[in-house]
Amino acid sequence: MLKPGVWKKELFFEAPPANPFVRLYHWLSKNRVSLHLLNLPDSPTPQDAKIFERLMPHIRLSSGVYRSTFPRRFRDLDPVVNGVLAQTFPSSLQLLRVEDWAASTCLTSCEWAKTLFLVFPNSKFVASDILLFLVEIENLESGERFIFEPDGHPLQYVNPPFVIRMQPPEHRAVLLNRFLYLRAVRRWLRLADLRTVPASWEDPLSRDPVHRNGYRMRKLPLIHPEALHLAQNDARFLIRRQSVFDTLDDPCHAIRSMNIFNRAYFSEEQLALGARAVISSLLPGGIWIAGRTIREDPAAHEVTIFRKTDSGILDIVERVGPGSEIEPVALAVSRSLVSPSTP
Ligand SMILES: C[S@@+](CC[C@H](N)C(=O)[O-])C[C@H]1O[C@@H](n2cnc3c(N)ncnc32)[C@H](O)[C@@H]1O
């Protein structure tokens, strides 16, 4: 009939509480956690970072995509990739340019970059994702808030003790939540003029709040505090918003695209468009690391490491497990780019 939500840190229990009433609350509310808890202090503590990591599985974007990534997920893959890069490029290279696409919280990018910088101190590492932050707009008088994607898709309406799902909408069977959902839709539409996101927020390091007509709008970074810290303190590590379907203006030496070009997410045509974007974004001799994670803890991956030859065709340099499921698409696209008549 009704489901409350987790709307303050104190209710976001790591394990089910002992008290039976609080335990019941925990059970009813565990899938409705307000994403405004992502609003961490400028200098987050390790405890804040933990909260951030625990919040990530609760994020389901309006497109249906989850942002799942885990600390040390590529602990075994990073040395393999660094080994290939060390064999391919001389350490005397003036500047090695590496990109990690669809990097989610950029935590695994940050972990990889730290090991890569030991092998190639002169590197520029860019971690990118289509979505780097969410937005909270709060009515300062009533305390109600909406959490939404920067392009205007609402995800949650928070009116304690309720955290109402806007996408997918609350089910009719949960009567009170459904009622609040319908009310929230009307309120959301009335906010249309207030929710324009400041252009300055495109900069991953900027997060000044905005006040308009009794509302406060805050940026909720989706970047892991450890990755933000590296971006703030090491000029070699940059974070940028970018789609995996866009070709870089300035081609680079290596691109990693893990857990994005999956058959489960995209059609054959979309995968081909993605492969085209990667190949066109690589310099001749460049390396593409493509694959997916098939098991967590301990992590297991299926990865192919390709090299773009001087002619532009991809060669397979190394496989982890049986290799990437999109190998045939990648190879076919590289051939078609070199001789456009190839199917
Ligand atoms: C499952 S996560 C993968 C994270 C990380 N690469 C890993 O393997 O741990 C997928 C990520 O792809 C991002 N994404 C979805 N569509 C995208 C697009 N068109 N361009 C760039 N990133 C995209 C999502 O925002 C999400 O963060």
*asked:* Run the numbers for ARG216 and ALA299: contour at 0.36 nm per residue of separation, minus the present Cα-Cα distance, in nm.
replied: 25.8 nm
*asked:* Can you tally the net charge around LEU61? Count Lys and Arg as +1, Asp and Glu as -1, for every other residue whose Cβ sits under 13 Å from the Cβ of LEU61.
replied: 0
*Where does each of 116-126, 190-200 land if you order them by average Cβ count within 10 Å, highest first?*
116-126, 190-200
*asked:* To check you understand DSSP bridge types, tell me what percent of the beta bridges within the chain (both residues inside) are antiparallel, rounded to 5.
replied: 65
_Straight-line reach from LYS8: which aspartates and glutamates fall under 19 Å, measuring Cα to Cα and dropping same-chain residues less than 8 apart?_
ASP42, ASP48, GLU53, GLU136, GLU138, GLU141, GLU144
*Given H placed 1.01 Å from N in the peptide plane, which residues other than close sequence neighbours of ASP100 have an amide H under 5 Å from its amide H?*
VAL126, ALA127, SER128, ARG256
_What's the ranking of 15-21, 259-265 by average number of surrounding C-beta atoms within 10 Å, highest first?_
259-265, 15-21
*Taking the Cα atoms only, what angle lies between the long axis of helix 20-29 and the longest principal axis of the chain, rounded to 10 degrees?*
60
*Rank these for me by crowding, ILE305, ILE59, going from fewest to most other beta carbons within 10 Å.*
ILE59, ILE305
_Relative contact order (percent, whole number), the chain, Cα cutoff 8 Å, 6+ residue spacing_ = 16
*Under the rule of -39500 (n - 2.57) per DSSP H run of 4 or more residues, summed and divided by the residues of the chain, what mean residue ellipticity at 222 nm is obtained, to the nearest 500 deg cm²/dmol?*
-8500 deg cm²/dmol
*Between helix 327-338 and the chain: long-axis angle, C-alpha atoms, 0 to 90°, nearest 10*: 60
*Would you please give the residues with an amide H less than 5 Å from that of GLU318, counting only those at least 5 places away or on a separate chain, with H modeled from the backbone geometry?*
ILE305
*Compare the peptides 146-156, 2-12 by average per-residue count of other Cβ atoms within 10 angstrom and give them in order, highest first.*
146-156, 2-12
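Quick note: the coordinates plus some simple rules give every number you see, no bench work behind them. Computed from a prediction, not measured in an experiment: that's the story for all the values here. FYI the Cβ positions are ideal-geometry reconstructions off the backbone, even for glycines, and counts take in every protein chain you see.
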